[in-house]
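Colleague: One structure is given below, represented as structure tokens, and several questions about it will come after.
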Amino acid sequence: MAPQRFLRQVLPVLLLLGILAAAVYATRGARLAPADFVFNNGTEIQTLDPATVTGVPEGRAIRMVFEGLLVAHPKTLEPQPGCAESWEVSDDGLTYTFHLRKNARWSNGDLITADDFMWSFERFLDPRTAAEYAYMAWYIEGAEAFTTEVEDGAPKHSFDTVGIKKLDDYTLQFHLNSPTPFFLELMAFYPMFPVSRKNIEDAKEKYPNSWSREWLKPENIICNGPYVVEFRRVNDRVRFKKNPMYWDADNVAFETVDALAVESYTTSLNMYLTGAAQWIDVPPANVIQELMPREDFLPIPYLGSYFYRVNVTKPPLDNKLVRQALSLAIPRQAITESVTKAGQVPAYSLVPPGMAGYTGAEMAHGSSYEADLARARELIVEAGYGPGGKQFPTIEVHYNTADSHRDIAIVIADAWAKNLGVNVKLLNQEWKVYLDTQSSLGYDVSRSAWIGDYADPNTYIDLFMTGGENNKTGWGDPEYDRLVRMGNSELDPAKRMSIMAEAEALLMDAMAIMPIYFYVTQTTYSPRLGGYYPNVKDEHFPKYWYWMDDEELSAKRAAYPDDGRHEEVKAWGPSEGLYPPSHPKARNGQRPEEPQEAR
């Protein structure tokens, strides 16, 4: 079905405002030469510093411009060579040795050496950096003590006490506390990516009062990934330009890529349907059923949990019975069937299904929503509220700007009011402010989500250790912390999974978080886009992307299964394709006259 027909039949009124908003975006970019590829990143990114972010939009942007020792395979997500061309693991699983490639350079032309990684890991673990993901490197000997044992704000110990050693200019060695099955995956995760010491130190010298912002500006930032930042327009786009110094530049197809900051799902969809963007992360929920048959929308389950964090330091939410009652009264089935609509699964645990060997621990719940409501009302009374008790104070549900988050919050607020007599007000904040509010515990109940950083329950369970940077609830339990540490050092896989499930059971009883649903992918992308594969983490890597020509696109379509899920649609992108220089179909470096259709 042509996009124009789709708009007429499915969205005659709803998308009108989105069309106008999309036109505004098109007008903003009208004076720009079109990028080879445009995707919607969903919001304005907080920063491009790999050490200090945790958000999905930031992760996408950081993978454009930085690269770690390893990278992930675009389909299997298995670790592949990045800045390191090879590595060895000792028989006892405690020592990892990485050999850096000697042709890897920073975007200013400087060679990348083991010193760059040593300095970057020291900065990442330094408590003054305030890296929220620092705990993920605590599997390395001495790393936790370096981060947590502090004098006058600075590390008490020398970095020499940390098990990261430079053997020579191109060899780096890590010594771990215990075997860590997912350590290679961590080395492909963006917080472990290096940054240029020269970049930061030059900024400190030139801008002593504002260096922390200045080093990241397009004119200053030094990168080592497939792209560099050409320019950034706040609340519009970041344009990335191919990095000629990148060691694998011959296998990078797109010369320019735009990451848009469109928060409206309706505007985003309209930009896709008109070719102004060729990949969007989330469409509006109320058109998902119409998208389902199309070849450009193929949702699959992935390792993501949608939940509400609870500020357990704030009455009445400091009462576990109140938290349990509120969680039981969430209409999960109604949310997945009437709001999200893409096949999401109601969740009663934090860890999503799909982890090999792991059976999660669910919160206590009944066989029906009616049974859960009956128990929720009992718990509210046990907590001293409701009939014959105290008036329940108004609570606030906090969420970041997005249509779906608002719609879910409205459904939950209505259920709490009708069934428990709890008055609720809603607080919507833009992404950066939302993150700051959550980190400072400036909320009552806060919309949250976590996408697995690797396929192991630990990526979820260790979030809620006492005082953890990504805990953000005020909750802690020494027994929980003990179990997580025990699980991390357990060598027997079955025992390890059992210990992790014990820890999750404690969290589900404490109800410091309220699970709501498990994710499915919702990305919508041009069928012509090559090097892009659905996967269980919904992570995608720009160095692999290219445009298929008509011949390759036809072959792809001919291989579709006959399942009613692959209705052909307009394939945005140049019909002649756009391949990397190393590809046999590359046109000797010539760019197509019109990089995108309908631009």
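The values are calculated or read from the model by the stated rules, or taken from the named source; none is laboratory data. Quick caveat: nothing in here was measured; it's all calculated off a predicted structure. A quick note on method: Cβ atoms are made from the backbone with ideal geometry, for glycine too, and the neighbour counts reach across all protein chains shown. For accessibility, only protein heavy atoms count, side chains too; no ligands or nucleic acids. Shrake-Rupley method; radii C 1.70, N 1.55, O 1.52, S 1.80 Å.
Colleague: What percent do you get for the relative contact order of the stretch 301-520 when only Cα pairs under 8 Å and 6+ apart count?
Modeller: 38 percent
Colleague: 7 Å from Cα along Cα→Cβ at both SER498 and GLU551: what's the point-to-point distance in nm?
Modeller: 5.9 nm
Colleague: Can you tell me how the chain classifies by the Cα gyration tensor, rounded, prolate or oblate, using a/c under 1.5 as the rounded cut?
Modeller: It comes out oblate by the Cα gyration axes.
Colleague: What Kirkwood Rh does the stretch 27-72 have if only Cα atoms enter the pairwise 1/r average? Answer in Å. Write out the running numbers ahead of the final one.
Modeller: Details: mean 1/r = 0.0797 Å⁻¹.
Every distinct Cα pair counted, the radius reaches 12.5 Å.
Colleague: For LYS204, give me every one of the lysines with a C-alpha distance below 18 angstrom, ignoring sequence neighbours fewer than eight places off in its own chain.
Modeller: The qualifying lysines are LYS217.
Colleague: Right, next: Students often forget the sequence filter, so: which lysines lie under 19 Å Cα-Cα from LYS314 once same-chain residues fewer than 8 apart are removed?
Modeller: LYS390, LYS425, LYS472
Colleague: Between ARG31 and MET292, with labels modelled 7 Å along Cα→Cβ, what's the label distance in nm to one decimal, could you check?
Modeller: According to this spin-label approximation, the distance is 4.6 nm.
Colleague: Let me ask something else. Place +1 on the Cβ of every Lys and Arg and -1 on the Cβ of every Asp and Glu in the chain, take the dipole about the Cα centre, and give the residue among THR54, ILE395, SER498 whose Cα lies farthest towards its positive end.
Modeller: So the residue furthest toward the plus end is ILE395.
Colleague: By average Cβ neighbour count within 10 Å, what is the ranking of 232-241, 274-283, 85-94 from highest down? Spell out each step's value before the answer.
Modeller: Values: 232-241: 19.0, 274-283: 23.1, 85-94: 12.9.
Descending mean neighbour count gives 274-283, 232-241, 85-94.
Colleague: For the pair ASP91 and ASP318, what calculated FRET efficiency results from E = 1/(1 + (r/R0)^6), where r is the Cβ-Cβ distance and R0 = 51 Å, to the nearest 0.05? Walk me through the numbers on the way to the answer.
Modeller: Values: r = 49 Å, r/R0 = 0.96.
The value I calculate is 0.55.
Colleague: Give the carbon-plus-sulfur fraction of the accessible surface of the stretch 301-520 in %, rounded to a whole number; probe 1.4 Å, heavy atoms of protein chains only.
Modeller: Roughly 53 percent, rounded to a whole number.
Colleague: Further question on the same structure: Could you work out the relative contact order of the stretch 217-264, using alpha carbon pairs under 8 angstrom and six or more residues apart, expressed as a whole percent? Walk me through the intermediate numbers first.
Modeller: Working: 68 pairs, mean separation 15.6, N = 48.
Once normalised by length, the contact order is 33 percent.
Colleague: Suppose each label sits 7 Å from its Cα in the direction of the beta carbon; what would the THR47-ILE410 distance come out to in nanometres?
Modeller: 3.6 nm
Colleague: The stretch 132-187: percent of C-alpha pairs farther apart than 18 Å?
Modeller: Counting every Cα pair in the stretch 132-187, those more than 18 Å apart make up 37 percent.
Colleague: Taking only the Cα atoms of the stretch 160-294, how large is their convex hull per residue, in Å³?
Modeller: In the stretch 160-294, the Cα convex hull volume per residue is 221 Å³.
Colleague: In nm, what is the difference between 0.36 nm times the number of residues separating GLU149 and LYS217 and their Cα-Cα distance?
Modeller: Full extension from GLU149 to LYS217 adds 21.2 nm.
Colleague: If you project the alpha carbons of the stretch 227-379 onto their three principal axes, what span does each projection cover, largest first, in Å?
Modeller: 63, 38, 37
Colleague: Could I ask something else about it? Projected onto the charge dipole of the chain (+1 at Lys/Arg Cβ, -1 at Asp/Glu Cβ, origin at the Cα centre), which of MET118, TRP572, TYR190 gives the Cα projection farthest towards the positive end?
Modeller: TRP572
Colleague: Sorted from largest down, give the three principal axis spans of the alpha carbons of the stretch 68-194, whole angstrom values.
Modeller: That works out to 42, 37, 28 Å along the principal axes.
Colleague: In a shell of Cβ-Cβ distance under 11 Å around ALA347, excluding ALA347 itself, what net charge do Lys and Arg (+1) and Asp and Glu (-1) give?
Modeller: Net local charge, ALA347 excluded: 0.
Colleague: Per DSSP H run of n ≥ 4, the term is -39500 (n - 2.57); total these for the chain, divide by its residue number, and report the mean residue ellipticity at 222 nm rounded to 500 deg cm²/dmol. Please report the intermediate quantities before stating the final value.
Modeller: Working: 19 runs with 178 residues, N = 599.
About -8500 deg cm²/dmol.
Colleague: Additional query: Hey, what D do you get for the stretch 301-520 in µm²/s if you plug the Kirkwood alpha-carbon radius into Stokes-Einstein at 20 °C and 1.002 mPa s?
Modeller: 121 µm²/s
Colleague: Additional query: Calculate the all-directions average of the projected area of the stretch 54-98's alpha-carbon convex hull, and give it in nm².
Modeller: 4.2 nm²
Colleague: Quote the FRET efficiency, to the nearest 0.05, computed for ASP250 versus LYS425 with a Förster distance R0 of 51 Å and r equal to the Cβ-Cβ distance.
Modeller: 0.35
Colleague: Next up: I'd like the Kirkwood hydrodynamic radius of the stretch 462-599, using the inverse of the mean 1/r over distinct C-alpha pairs, in Å. Mind dumping the intermediate values first?
Modeller: Values: mean 1/r = 0.0507 Å⁻¹.
Hydrodynamic radius (Kirkwood, Cα pairs) of the stretch 462-599 is 19.7 Å.
Colleague: Can you list the lysines whose alpha carbon is less than 25 Å from that of LYS166, not counting same-chain residues fewer than 8 positions off?
Modeller: Straight-distance partners of LYS166: LYS102, LYS156, LYS198.
Colleague: Right, something else. Just how large is the dipole of the stretch 423-543 about the Cα centre, in debye to the nearest 20, putting +1 at every Lys and Arg Cβ and -1 at every Asp and Glu Cβ?
Modeller: 500 debye
Colleague: Determine the relative contact order of the stretch 68-194: mean sequence separation of Cα pairs under 8 Å and six or more apart, normalised by residue count, in whole percent.
Modeller: It rounds to 31 percent for the stretch 68-194.
Colleague: Moving on to the next point. Please state the shape class of the stretch 398-551: rounded when a/c is under 1.5, otherwise prolate if a/b exceeds b/c and oblate if not, all from the C-alpha gyration tensor.
Modeller: Taking the square roots of the gyration eigenvalues as a ≥ b ≥ c, the stretch 398-551 is oblate.
Colleague: So how strong a dipole does the chain carry about its Cα centre when Lys and Arg Cβ are +1 and Asp and Glu Cβ are -1, to the nearest 20 debye?
Modeller: Its charge dipole is roughly 1620 debye.
Colleague: Once the other residues with Cβ under 11 Å from the Cβ of ALA512 are scored (Lys, Arg +1; Asp, Glu -1), what is the net sum?
Modeller: Overall, the nearby charge balance is +1.
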